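Below you'll find the structure, written out as structure tokens, and then a few comments.
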Amino acid sequence: MTFLFSDIRGFTAFSDQNEPEVVQTYLSQYFSTMNGIIMHQYQGSINKLMGDAIMAYWGFPLNHEDHAFLAVSAALTMREAMEAWQSQEGQLPIQMGIGINTGEAMIGNIGSEDFMDFTVIGDAVNVASRLEGKNKTYGTTIIISAATFQKVQDRIKVRSLGWCELKGKNEPVEIFEPLELLPSARL
């Protein structure tokens, strides 16, 4: 499976400075755009909306062989949509971070007798979440793992960011910034 985490940068400050109705309207517009890209354009599934964050995945219930390419393509389109949105007069200069990783995970209902939630868990999911946060360090919008890069390297132009340490990992992880689809890339 391939996992995508996205988060809006600077959203806490925006929330502190605006009424809840303004925040809700902004988030509804944002989620409508981004969720549409993930689900309708690129056949992904939204697992959770957490505040201003999105947790999505590809590869279940259908194991589409292009799940990594679909996820990276969705992220590139999300970045373009955010840039277009921000260019509109009156929009906030808010940035977004996206982390993507490919690997194995468990999917299903997790919880207790009192509360269950359908979710994905595992190291591959955690890595995607940690990569999202690394965008702050690298000044990027999208970071993918080497595991994802291996699945898309012939279809996506990337910039190597080298190796980085991730919280909870004993070994450094090689990471890349996807820049654009290669002309030969097709779904």
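The values are calculated or read from the model by the stated rules, or taken from the named source; none is laboratory data. On a predicted model such as this, the values are computed, not experimentally measured, just so you know. All Cβ positions, even for glycine, are placed from backbone atoms using ideal geometry, and neighbour counts span all protein chains on display. Ligands, DNA and RNA are stripped out before the accessible areas are found, and what is left, the full protein with its side chains, is counted by its heavy atoms. Shrake-Rupley method; radii C 1.70, N 1.55, O 1.52, S 1.80 Å.
Over region 61-127, with the other protein chains present, what is the accessible area per residue in square angstrom, probe 1.4 angstrom? Numbers along the way, then the final one.
On the way: 3680 Å² over 67 residues.
Spelled out: the 1.4 Å probe surface of region 61-127, per residue, equals 55 Å².
Measure off, as a whole percent, the carbon and sulfur share of the 1.4 Å-probe accessible area of the chain, all protein chains present.
49
Nothing charged except the Cβ atoms of Lys and Arg (+1) and of Asp and Glu (-1): what's the magnitude of the dipole of the chain about its Cα centre? Round to the nearest 20 debye.
540
What are the lysines whose alpha-carbon lies under 23 Å from the alpha-carbon of Lys169, with same-chain residues fewer than 8 places away excluded?
Output for Lys169: Lys134, Lys136, Lys151.
When DSSP assigns beta bridges and you keep just the ones with both residues in the chain, what percent turn out antiparallel, to the nearest 5?
90
With a ≥ b ≥ c taken as the square roots of the eigenvalues of the C-alpha gyration tensor of region 89-165, please select rounded if a/c is under 1.5 and otherwise prolate if a/b is larger than b/c or oblate if it is not?
It comes out oblate by the Cα gyration axes.
Per the Kirkwood definition applied to all pairs of different Cα atoms, how many angstroms is the hydrodynamic radius of region 107-146?
Numbers: mean 1/r = 0.0835 Å⁻¹.
With all distinct Cα pairs of region 107-146 included, I get 12.0 Å.
Could you pull out every one of the aspartates and glutamates with an alpha carbon less than 15 Å from that of Lys157, ignoring same-chain neighbours closer than 8 positions?
Correct list for Lys157: Glu177, Glu180.
So how many Å³ per residue does the convex hull of the Cα atoms of the chain work out to?
135
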